[in-house]
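A.B. asks: Below you will find the structure I want to go over with you.
The values are calculated or read from the model by the stated rules, or taken from the named source; none is laboratory data. All values derive from a computational prediction rather than experimental measurement. Virtual Cβ from ideal backbone geometry, glycine too; neighbours counted across all protein chains shown. What goes into the accessible areas is simple: the full protein's heavy atoms, side chains included, and nothing from ligands, DNA or RNA. Shrake-Rupley method; radii C 1.70, N 1.55, O 1.52, S 1.80 Å.
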Amino acid sequence: MIGTGYVGLVSGACFSDFGHEVVCVDKDARKIELLHQGVMPIYEPGLDALVASNVRAGRLSFTTDLAEGVKDADAVFIAVGTPSRRGDGHADLSYVFAAAREIAENLTKGSVIVTKSTVPVGTGDEVERILAEFAPNSGAKVVSNPEFLREGAAIEDFKRPDRVVVGTDDEDARDVMRAIYRPLSLNQSAPILFTGRRTSELIKYAANAFLAVKITFINEIADLCEEVGADVQEVARGIGLDNRIGSKFLHAGPGYGGSCFPKDTLALLKTAGDNETPLRIVEATVQVNDARKRAMGRKVIKAMGGDVRGKTVGVLGLTFKPNTDDMRDAPSLSIVAALEDAGATVKAYDPEGFEQARPLLPNVEFSESAYAAAEGADALVIVTEWDAFRALDLGRIKSLLKTPLLVDLRNVYPAAEAERAGLKFVGIGKPKRS
Ligand code: UGA
């Protein structure tokens, strides 16, 4: 497994838990050193225990030496980052190609080379070309096997996926992949969908873009709800019970963030542009979501009466979603910037995100607890729905706040509950309260 980011480390740990022998490789010596000490370089619930037990069982090991990982491997997974390239939104494939070349130079047999990183259509062809150049007689095959796990629920998602997608027309390579994923099909019925390689590469982007569209759709409906006196949570339930729509990914909020949807939608648009096939729905989604994150800051300012100069805002949750320390494209970044630009002071509490957040939010005062973030503030804003914020003592919050205002951008609390505690309440997609 080349790369020990979210996807690589979780996949490696889970494959070893299935009983396979896994070597995780990363160039970053600090990460490998941490892993040797049993310290996870990322925050992901359950991962430390899973890694520890498989290391103990002798099935999982870590190294900076790629040759050690590649030699004798039946399959080599490329799970390195594919960040957005500055300027044009295209996925930066330099890490993928560098890994492919290094793998080629160290192959000792006809391994199956699997791209697990999210890569644009046609990347597998280029990896194949690199193999042909640097390991011409290896007999290695290139397969696409995108990963659909979510941060924060990564192990569960990996072990109980809705489907596994494997893109290759080569029968021998399909057999290797079947064997690797066999524990899943024994376990439950996760169908393996075999497709062509380009199709598989596109499935990943189409899936993420569709989910981004779904979230953005309900976010726009939420805005309409506020204007017409409807409740978006009830609308979401009302449409989601239709099996054709489905109830998941219909939680209105401050806009999607994270390491995947923003980057993958841009990369898909780049592919679409290159092929002169515009994807207008995805284009609109990207624009609406960007605008929404900024608009959330204005929403808070409006709830506070329009002028926040000299005021203090307490923010609960900074990471782009709960159960992760990931701050990439987090809505909190735009919201805090809007509040600070308007002259407010921001204090914030996040259960896991401080370390990542600190350098990105240099003017924010970091509080020790949700209650400390509320103390003396003119409003408390829920930005990320960590479980720890679901059962706050709202009476205590009210007594700590200077001005009793709760802006709940994730609809964690029913308005009536907040109002019973004496708080003025503003949610997302809720009828205006008098
Ligand atoms: C996403 C996909 O869900 C995974 O299937 C995929 O494997 C992953 O990207 C990837 O390509 O690596 P992730 O970014 O970890 O996973 O997180 P999600 O749970 O999908 O949430 C993304 C964003 O959408 C978050 O900001 C979240 O708050 C927001 N969201 C999600 C909503 O605002 N409403 C919803 O109903 C769901």
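A.B. asks: In square angstrom, what is the accessible area per residue of region 259-330 with a 1.4 angstrom probe?
C.D. replies: Details: 3280 Å² over 72 residues.
Here the residues of region 259-330 average 46 Å² of exposed surface.
A.B. asks: Calculate the translational D of region 374-417 in whole µm² s⁻¹ from Stokes-Einstein, where the hydrodynamic radius comes from the Kirkwood formula applied to all Cα pairs, the temperature is 4 °C and the viscosity 1.567 mPa s. List each step's numbers first, then the result.
C.D. replies: Working: Rh = 10.6 Å.
In µm²/s, the coefficient is 122.
A.B. asks: Using Cα-Cα distances under 8 Å and only pairs 6 or more residues apart, what relative contact order does the chain have, in percent? Numbers along the way, then the final one.
C.D. replies: On the way: 853 pairs, mean separation 51.4, N = 434.
Averaging sequence separation for qualifying contacts and normalising by length gives 12 percent for the chain.
A.B. asks: Now for a separate question. Could you tell me which of the pairs Lys204/Lys430; Lys248/Lys293; Lys299/Lys321 are separated by over 23 angstrom between their Cα atoms in the structure shown? Mind showing how you got there, number by number?
C.D. replies: Details: Lys204/Lys430 33 Å; Lys248/Lys293 21 Å; Lys299/Lys321 20 Å.
As for pairs spanning more than 23 Å Cα to Cα, those are Lys204/Lys430.
A.B. asks: Say the dipole of region 156-244 comes from +1 at the beta carbon of Lys and Arg and -1 at that of Asp and Glu; which of Gly238, Cys225, Ala209 then lies farthest toward its positive end?
C.D. replies: About the Cα centre, the residue reaching furthest to the positive side is Ala209.
A.B. asks: Using only C-alpha positions, report the orientation-averaged shadow area of the convex hull of region 167-247, nm², one decimal. Provide the component values of the computation, followed by the final result.
C.D. replies: Details: hull surface 28.4 nm².
Computed as one quarter of the Cα hull surface, the answer is 7.1 nm².
A.B. asks: Between Asp223 and Lys109, with labels modelled 7 Å along Cα→Cβ, what's the label distance in nm to one decimal, could you check?
C.D. replies: Placing both labels 7 Å beyond Cα along the Cβ direction yields 5.7 nm.
A.B. asks: In addition: Quote the convex hull volume per residue of region 73-196, based on C-alpha atoms, as a whole number of Å³.
C.D. replies: Working: hull volume 13.8 nm³, N = 124.
Expressed per residue, the convex hull around the Cα atoms of region 73-196 is 111 Å³.
A.B. asks: Just the accessible area for Cys260, please: 1.4 Å probe, Å², rounded to the nearest 10?
C.D. replies: Cys260 has an accessible surface of roughly 50 Å² with all protein chains in place.
A.B. asks: With θ taken as phi - 60° and the coefficients 6.51, -1.76 and 1.60, list the Karplus ³J(HN,Hα) couplings across region 200-211 in order, rounded to whole Hz; mark glycine and proline as x.
C.D. replies: 4, 4, 6, 4, 4, 5, 5, 5, 5, 5, 4, 5
A.B. asks: Set Lys and Arg Cβ to +1 and Asp and Glu Cβ to -1, take the dipole of the chain about its Cα centre, and tell me which of Val288, Gly273, Leu50 lies farthest positive.
C.D. replies: Positive-end residue among those listed: Val288.
A.B. asks: If you average 1/r across every pair of different Cα atoms in region 241-394 and take the reciprocal, what Kirkwood value do you get, in Å?
C.D. replies: On the way: mean 1/r = 0.0599 Å⁻¹.
Answer for region 241-394: a Kirkwood hydrodynamic radius of 16.7 Å.
A.B. asks: So, one more: Taking every Cα atom in the chain, find the radius of gyration and the maximum pairwise distance Dmax, and write them in Å.
C.D. replies: Just the Cα atoms of the chain yield Rg and Dmax of 23.4, 75 Å.
A.B. asks: Turning to a different aspect of this structure: Working with all protein chains in place, sort Glu33, Glu227 by solvent-accessible area computed with a 1.4 Å probe, largest first.
C.D. replies: Details: Glu33 90, Glu227 130 Å².
The ranking, largest first, comes out as Glu227, Glu33.
A.B. asks: In deg cm²/dmol, rounded to 500, what helix-only [θ] at 222 nm does the chain give when every DSSP H run of at least 4 residues adds -39500 (n - 2.57) and the total is split over its residues? Walk me through the numbers on the way to the answer.
C.D. replies: Numbers: 17 runs with 198 residues, N = 434.
-14000 deg cm²/dmol, from helical runs alone.
A.B. asks: Also, quick follow-up: Rg and Dmax of region 135-209, Cα atoms, in Å?
C.D. replies: My reading of the Cα-based Rg and Dmax gives 13.3, 42 Å.
A.B. asks: If you don't mind, there's one more thing I want to ask. log10 I(q)/I(0), Debye, Cα-only region 314-397, no solvent, q = 0.13, 0.14, 0.26, 0.27 Å⁻¹?
C.D. replies: -0.34, -0.40, -1.41, -1.50
A.B. asks: Still on this structure: What does the convex hull of the alpha-carbon atoms of region 129-285 project to on average, in nm²? Write out the running numbers ahead of the final one.
C.D. replies: Numbers: hull surface 48.8 nm².
Computed as one quarter of the Cα hull surface, the answer is 12.2 nm².
A.B. asks: Hey, any idea what the orientation-averaged projected area of the convex hull of region 1-91's Cα atoms comes to, in nm²? Please report the intermediate quantities before stating the final value.
C.D. replies: Details: hull surface 25.9 nm².
Spelled out: convex hull of the Cα atoms, projected over all directions, averaged, 6.5 nm².
A.B. asks: Would you list Tyr205, Tyr95 from the most to the least accessible area, probe 1.4 Å? Walk me through the intermediate numbers first.
C.D. replies: On the way: Tyr205 5, Tyr95 125 Å².
These residues rank, largest area first, as Tyr95, Tyr205.
A.B. asks: Ok, one more. Sort 229-242, 309-322 by the packing proxy (mean of other Cβ within 10 Å over each peptide's residues), most packed first.
C.D. replies: Ranked from most to least packed, the peptides come out as 309-322, 229-242.
A.B. asks: Which FRET efficiency, nearest 0.05, do Glu419 and Thr345 yield, Cβ-Cβ r, R0 35 Å? Each step should come with its number before you reach the end.
C.D. replies: On the way: r = 26 Å, r/R0 = 0.76.
Calculated value: 0.85.
A.B. asks: Can you give the FRET efficiency for Ala52 and Arg309, using 1/(1 + (r/R0)^6), R0 = 35 Å, r = Cβ-Cβ distance, to the nearest 0.05?
C.D. replies: Details: r = 51 Å, r/R0 = 1.46.
Efficiency, rounded to the nearest 0.05: 0.10.
A.B. asks: Still on this structure, please answer the following. Between Asp242 and Thr63, what FRET efficiency comes out of the Förster formula 1/(1 + (r/R0)^6) with R0 = 51 Å and r the beta carbon distance, rounded to 0.05? Let's see the in-between values first.
C.D. replies: Values: r = 50 Å, r/R0 = 0.98.
Efficiency for this residue pair is about 0.55.
A.B. asks: Another one. How do Tyr43, Tyr256 rank by accessible surface area computed with a 1.4 Å probe, from largest to smallest?
C.D. replies: Working: Tyr43 70, Tyr256 15 Å².
Largest accessible area first, the residues go Tyr43, Tyr256.
A.B. asks: Two decimals is fine: what is log10 I(q)/I(0) at q = 0.20, 0.33 Å⁻¹ for region 327-372, from a Debye sum with one equal scatterer on every Cα and no solvent?
C.D. replies: Result of the Debye calculation: -0.63, -1.37.
A.B. asks: Give me, ordered by chain and number, the residues 5 or more places off Gly167 or on other chains with an amide H under 5 Å from its own placed amide H.
C.D. replies: Amide H neighbours of Gly167: Ser144, Asn145, Thr195.
A.B. asks: How big is region 286-349 on each of its three principal axes, counting only the C-alpha atoms and giving the largest first in Å?
C.D. replies: 31, 28, 16
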